[in-house]
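Each reported figure results from applying straightforward, stated rules to the coordinates on display, with no laboratory input. Keep in mind the model is a prediction, meaning the values are calculated, not measured. All Cβ positions, even for glycine, are placed from backbone atoms using ideal geometry, and neighbour counts span all protein chains on display.
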Amino acid sequence: MCGIVGYVGKKSVVGILLDGLEQLEYRGYDSAGVAIKTEDAINVYKAEGKLGNLRDVLTAHLSEVSSSTVGIGHIRWATHGAPSVINAHPHTCNCGNLVIVHNGIIENYKELKIELEAMGCKFRSQTDTESVAHLIAAIYDKEKDLTKAVHIATQKIQGAYALCIMHNDFPKKIVATKRNAPLVIGVGDGEYYIASDVPAFIKHTKNAVYLQDNQVATITNDSFKIEDENGKVIEPKVEVLPWEPVALSKMGYKHFMLKEIHEQPDIIRNILVGKIKTSDSPIVLNEVNLTRETLKNLNRIQIIACGTSLHAALIGKYIIEDFCNIPVDVEASSEYIYRKTVTDENTLVIGVSQSGETADTLTAIKQSKARGSHILIITNRPDSAMAREADSLLSVNAGIEVSVAATKSYMAQLTSFYLLAIYMAEIKGSKSAESLKELKAEMLLLPQKLEQILTQKQQIQACARKYANTRDFIYIARGINYPTALEGALKLKEISYINATGYPAGELKHGPIAMLDETMPVLSILMNGSVYEKLLSNSEEAKARNARMIALTNSNNPKLNDLFDDIIRVPDVVELLSPLIAIVPLQLIAYYIAEFLGKDVDQPRNLAKSVTVE
Ligand code: M6R
C-alpha cells in the first residue's frame, strides 16, 4: 500500500506533489519519489526514508524543475523489494521516456518479467511495479497511443493497482487507471489533481471524480476524458467532497494522535445527534436498509474486521448478543477469507473498517455478498471501496484520521455498534424498554465523562512515564472489557514498540502468570460490574507474583490502594458502556510512553494506515 499523486495544470508542480505526498504519508513512508516533466525530458527524483529526504533532494535540484507544471509522485510502503532508492517509485522503461507510479500489487509480475526480459527489457529494481512500466512502454512503442497502451496493458496484468503514467512524447498528459485500489481526480480551474485519497488535494479543490475499476482517465491541462474498459467514453460524475482542509491540521497539538484523542467527546456528540433524540424515543437509524421483518428473523451475524476495527467488532459481538439474542461471530478478515465460511441470506455480515480500503476485509465482504448475505458496512470513509459494497452503510463520521494508530475512529465505531444494537433490540423487543432507556440516557452523558478524563491527562502522563522503560506490558480484563485490553495493548505496541499483550484475566493462571515478576507491569481494567470481584482476585494473584500493578478503575474501593502501585480513576459508568470510557486512558498511556521515548508517534515504523494488500 502506497500513496500516489499527480498534477497537470498551470502552477509549479513541485510543491503540489510534495504537499500531496505529505497528506498521504499515512499510506506509507519508507521512501518517496516524483517524476516531473521538464522542457525536453522527464526528470525522476527519489529518496529512501521519510518524505523530508525527498524534499531535500528536490531543494537541491529546484532550478531544474521549478517552472514545471506536470508531474506524478509516490510514497511507498514496501511490499516487493526493500525500501531503497532503486525500489522507490516512479519506475521507468529502459529509455526513460515512460514513467509510472503504482499503488497495489501486480500478482503476475514474475511471468510478465520473463516475457519482457525475453524482449530485451532490463530490470533494475526488485519491485512488481517495474514490469508494468516496461509492459506499457513496449505496447506504446507499437501503438503510439498512450491511453490505448494502458488499456491493453491492464488486460494483461493481474492484481490490484492504481497507476499514473506519463510519457515524454506528451508534455502535458497523465493517464491514470485503477482496479481494487483507490484513485480520485480533483477537478480544478484549468488544472487536475490525481491522488490515492482526497487529503492530497482538498486544499486546492473540493470537486472530484472517483475513478471506477478498469476505467482509464486521460488528463491534460485543459481536459479530461474517462473511458470504460472497452474504450467507450463515459460521462464523469463530479462530486463535491464534504471534507474540510482544517481537519488535516494538528491544531496546536504535538501529534495528530493526541489531537484525535481529544476529538473523541465531540465525535460521540456528533454521532448521537439525530439518532438518540431523547432517551424515551426509539433510535433513528435510517441507514439500516433491512426490513423490520428481516431484522426480526435474522438468525446469525458475522462481523469481519482487522486490527483496531476487530477490537471494536468484539465489543459489538458482546452487546449485540446481550441486547438482541442473536449469535454473533467475529473473525479477522485475513482468516475468514481462506476457509469455508457458512453464510446465507439469513446471515447479516458486518464489515468494520476505518479506511474502508483494507484488502482482507474488502475481499471477505465481496465473498459474503456473492453468497447473498446483506452487507452492513461500518466505516469512517463513506467514499471508500467497501462503502460501495454496502447494502446498509453506517458512516461513523469521525473525520479524517491521520495518525496511523486508530483512536477516534475506534470510539466512533464503538458508538455506532451501541446504536445498532439498541436499534435492533428495539425492533426485536429483546431487551426491556426501561433498560434501553437508561442506556440511552447514559450514552448522552458520555461526552462529558470523556472530557473529564482528558482534564486528568497530566496524571496519566506521569503514570505513563513511570513505565516507559519497561520491555513488556500486560493488560488484563474480563467480559466486555477484554477487547479493551487487546486494544490498549495494540496501541502501546504499535507506537512504542513495547511488547504488550492483552489477556482475559481468567487466562492468566493458564500460562502467562509464569512471566510475572517485579519487572512486569500488569494493568487491570477494573470497572464496576458483573466481573469486578473476579478481576480483583486475578489482580491479587498477579500482585502475589510481585508484578507492578496498575488499576484503571471507576471503583472507590479503599482496598485498591494496597493492591495497586498506581491507580488511574475514571468517571463512573454502567458496565455495558464502560469500554467507551476505559479506552481513553489507555490511548493516552500509549501516547505518553511513545512520546516520552521519542518515537515517531503518528508514523510508527513498518506500519501504514491503510493496508491495501492481503
Ligand atoms: O482501516 P481499517 O480499520 O480496516 O484498518 C484495520 C487495521 O489495519 C487498523 O486498525 C490498524 O490495526 C491500526 N494501526 C490500529 O491502530
Which residues qualify? For Ile303, with a placed amide H closer than 5 Å and at least 5 residues away or on another chain, they are Asp329, Val330, Glu331, Ile350
Based on the Cβ-Cβ distance from Lys203 to Lys559, what FRET efficiency comes out when R0 is 56 Å, to the nearest 0.05? 0.50
Contour excess over end-to-end distance, with Cα ends at Asn469 and Asp169 and 0.36 nm allotted per residue: 102.3 nm
Which of Ser309, Ala137, Thr154 sits closest to the plus end of the dipole of the chain, meaning its Cα is farthest towards the positive end, when Lys and Arg get +1 and Asp and Glu get -1 on the C-beta? Ser309
Please compute the modelled spin-label separation between Asp572 and Tyr253, points set 7 Å along Cα→Cβ, answer in nm with one decimal. 3.0
Taking the Cβ-Cβ separation of Asn53 and Ala433 as r and a Förster radius of 51 Å, what is the calculated FRET efficiency to the nearest 0.05? 0.25
How do Cys121, Cys2, Cys95 line up, fewest other C-beta atoms within 10 Å first? Cys95, Cys121, Cys2
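Could you list Ile337, Ile550, Ile100 in order of exposure, starting from the residue whose Cβ has the fewest other Cβ atoms within 10 Å?
Ile337, Ile550, Ile100
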Where in the chain are the DSSP H helices whose alpha-carbon span along the long axis reaches 24 Å or more and whose Kyte-Doolittle mean is at least -1.0? 307-324, 408-428, 433-455, 578-596
Assuming 0.36 nm per residue, please report the length gained on full extension of the stretch Val240 to Glu507 beyond their Cα-Cα distance. 91.0 nm
Out of the DSSP beta bridges found with both residues in the chain, what percent are antiparallel (nearest 5)? 60
Over the chain: helical MRE at 222 nm, DSSP H runs n ≥ 4 each giving -39500 (n - 2.57), nearest 500: -11000 deg cm²/dmol
Say the dipole of the chain comes from +1 at the beta carbon of Lys and Arg and -1 at that of Asp and Glu; which of Val330, Thr553, Ile194 then lies farthest toward its positive end? Thr553
Compute the separation of the alpha-carbon centres of segment 139-157 and segment 377-409 and state it in Å as a whole number. 35
If R0 = 60 Å, then Glu451 and Ala118, at their Cβ-Cβ distance, give a FRET efficiency to the nearest 0.05 of 0.35
With unit charges on the beta carbon (Lys/Arg positive, Asp/Glu negative), name the residue among His80, Leu98, Ile480 whose Cα is farthest towards the positive pole of the charge dipole of the chain. Ile480
Only four residue types carry charge here, +1 at the Cβ of Lys and Arg and -1 at the Cβ of Asp and Glu. Report the dipole size of the chain about the Cα centre in Debye, rounded to the nearest 20. 260
Charge dipole (debye, nearest 20) of segment 3-248; +1 at Cβ of Lys and Arg, -1 at Cβ of Asp and Glu: 80
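Quick check for me: using +1 on Lys/Arg Cβ and -1 on Asp/Glu Cβ, what's the dipole size of segment 458-596 about its Cα centre, in debye to the nearest 20?
It comes to approximately 100 debye.
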Net lengthening on full extension, Thr220/Asp600 (0.36 nm per residue, minus Cα-Cα): 133.0 nm
Ranked on Cβ counts within 10 Å of their own Cβ, fewest leading, Trp243, Trp77 go Trp243, Trp77
Please list, in chain and number order, the residues 5+ apart from Ile568 or on another chain whose amide H is under 5 Å from its amide H, with Hs placed from the backbone. Ala551, Leu552, Thr553
